[in-house]
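This report concerns only the one structure given below.
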Amino acid sequence: MPVDKNHFILACFLEASRRSEFQHRWMSAKTWAQLIVKCTLITNTELVFNGVELNRCINAKKNSLIRSEMEDRVKVTSDPIGNFRNNRRLRGASITYYYYATLKGELPVTIQDKQWFENISDGTDLLNTVITRSDDLIRISPRMITNLYPQPAKKR
């Protein structure tokens, strides 16, 4: 059965955002993709992805529900996904998306008198750690890919 790459990327991102070492820091899509590829046992080289593909996957029309939950920081219900998204555009550059992971039902932690973009992490401490076989790697099962997010039934 061929794997839909967008479902795979989204499943990897949501599974990685549940790891405590990746939580409570704003990181760019490029950093998230590098961390996920490093910590996931991907045997198929066609499934390796980068930050552009992660952004493209989350910005896809069929993931609009997830995207709207990521961008809503006002009303946090008891069961949101626990991921947040913000974007920043520096002068003369393109828009860069940043993602923040936390536990379900929590908001991003704010440090006194600082904007969210002053707390951006480049993830070098996570990228420089050595991964061994005994480490707790991100495991993505085919069942997770198919049951990732309930899709509405198609109308006839």
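Modelled spin labels at residue 68 and residue 128, positioned 7 Å past Cα toward Cβ, are 4.3 nm from each other. Taking amide hydrogens as placed 1.01 Å from N in the peptide plane, the amide H of residue 25 sits under 5 Å from those of 101, each at least 5 positions away in sequence or on another chain.
Extension gain for residue 115 to residue 155 (0.36 nm times residue separation, less C-alpha to C-alpha distance): 10.0 nm.
Per-residue Karplus couplings for the stretch 43-59, computed as 6.51 cos²θ - 1.76 cosθ + 1.60 with θ equal to phi - 60°, are listed in order as 8, 8, 5, 5, 8, 5, 9, 10, x, 5, 5, 5, 4, 4, 5, 6, 7 Hz, Gly and Pro entered as x.
Consider all pairwise Cα distances in the stretch 1-64 and report the whole-number % of them above 13 Å.
62
Bear in mind these aren't lab numbers, they're just calculated from the coordinates by the rules spelled out. Note that the structure is predicted; figures quoted are calculated from it, not measured. Positions of Cβ are generated from backbone atoms using ideal geometry, with glycine treated the same way; all protein chains shown enter the neighbour counts.
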